[in-house]
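Where a number appears in this text, it was derived from the coordinates with a stated rule and is not lab data. Predicted model only: the values in this text are computed from it and were never measured. No Cβ is skipped: glycine too gets one built from the backbone with ideal geometry, and neighbour counts run over all protein chains shown.
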Amino acid sequence: MRIVMMGTGTFAEPTFEAILEAFGTDVVGLVTQPERDGGNKRGSTRQTGKGMSHIARGSQRVAIIQPESINTSEGVAQLREMLPDLLVVAAYGQILSREVLTIPTLGTINVHASLLPKYRGAAPVAYAILNGEKQTGVTIIKVTPGLDSGDIILQESRAIHADDTTGSLEARLAGLGARLAVAAVSQYKAGPVAGTKQDPALVTKAPKITKNFGLIDWSQPAVSIERFVRAMQPWPTAYTFLHRPGKEPMRVIVNRAHVSEFEGMVRGDITTGLLCSGDLVGTLGVASPSGDLLIIDELQPAGKKKMTAEEFIRGYPLTAGMRFGPETLS
RNA sequence: CGCGGCGUGGAGCAGCCCGGUUAGCUCGCCAGGCUCAUAACCUGGAGGUCGUAGGUUCAAAUCCUACCGCCGCAA
């Protein structure tokens, strides 16, 4: 059986490695994103095809293609040359056209990081954290022209930890995805594979997240903002602007925060996003409309290193009227 | 040539635009004091080539140039 892997980035890498390990010479090709340089510096979280193609080069038999789009006539032609029987997709980042899906003789399967039919789309892990889910998982589906809507082959769930970020959770799910992908491919080697239909009533969406999505909405309850901070980590990161009387707004990334254990400790009129010194020396609290405090643990002002709230306060002493908010206050 | 910010005692910042006394603030550190006691308070102290190299000037942390380093944004 000729297997072609299609995927990008840290989520796809464990699956690719596992498939190579388990099926060795059956793996004949890799389709991944082009290695855009774009002036990428160290620490960039942008996903390119680099990691994947590096893995592929470790195994001489694997042909690599990196089309800008797999759906163009060129992309289709390149894939066709690989003569794939089974296409294994994980976080490829492009929707496959009907034509592409007709190429592999046995079909195409996708490793998706959610318990489908929940969280169809590009950012299932972030949305699961954002919504405060207690668990999520990985689903292997047959790929059909609709987005993440094919029949379910395998599915396994995992708990979401209270301190999970999109990064940490995705890493765990990537490992699970790799095991399930190997199991699914084994089924294909054994014969025809059956799937279960997704229940249309349970479908939810997890659309692609963009940079601007990271702007913190301080009118949300503290618990929601705390989840938001974790969901935006490591990309695009949750950010806000520090407003000080007489100074320009300063962009600040919030890396880590927790909800104060003292519920409803803020009384009276609440100005959204108002900063206050917390219940302990060296803590930074932000008032939320629910009356709770969101305690900021680690943040990063624009152009500076990450720092603890305590360090931040030494350099930017809290003064009356200091608050967080969008770039321009209404 | 993608855009931008920053390098100031151990930490985080101010001062720079509009050059000019002992380079300031919030902490930390050391010594002493106060206190039943403290992450509290008081007094004193050590610790700085203001990233590096040039330039302008009577005078540069501050203006100019180059270089090095750190970071953010650009998916």
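In summary, the convex hull built on the alpha carbon positions of chain A has an orientation-averaged projected area of 18.9 nm². Helix by helix through chain A, keep the DSSP H runs that span 18 Å or more along the axis on Cα and average at least -0.5 on Kyte-Doolittle, and give those back in order. Span-like helices in chain A: A:9-23, A:166-190.
If you put +1 on each Lys and Arg Cβ and -1 on each Asp and Glu Cβ, how big is the dipole of chain A around its Cα centre, in Debye rounded to 20?
500 debye
If the chain linking A:ALA194 and A:SER73 were pulled fully straight, counting 0.36 nm for each residue of separation and taking away their Cα-Cα distance, it would gain 40.4 nm. The distance between label points at A:GLU17 and A:ASP297 comes to 2.7 nm (points 7 Å beyond Cα on the Cα→Cβ vector). Compared with the direct C-alpha span, the chain from A:ALA183 to A:THR328 gains 47.0 nm at full extension, assuming 0.36 nm per residue. For the pair A:ASP26 and A:ARG80, label points projected 7 Å from Cα toward Cβ lie 2.6 nm apart. Just to be sure I understand the model, the point goes 7 Å from the Cα along the line to the Cβ. What's the resulting A:HIS258 to A:GLU310 distance in nm? So the two model labels end up 1.4 nm from each other. Rounded, prolate or oblate, given the Cα gyration tensor of region A:1-130, with a/c below 1.5 counting as rounded? It comes out rounded by the Cα gyration axes.
Ellipticity at 222 nm from helices only: DSSP H runs of n ≥ 4 in chain A, each -39500 (n - 2.57), divided by the residue count, give -7500 deg cm²/dmol.
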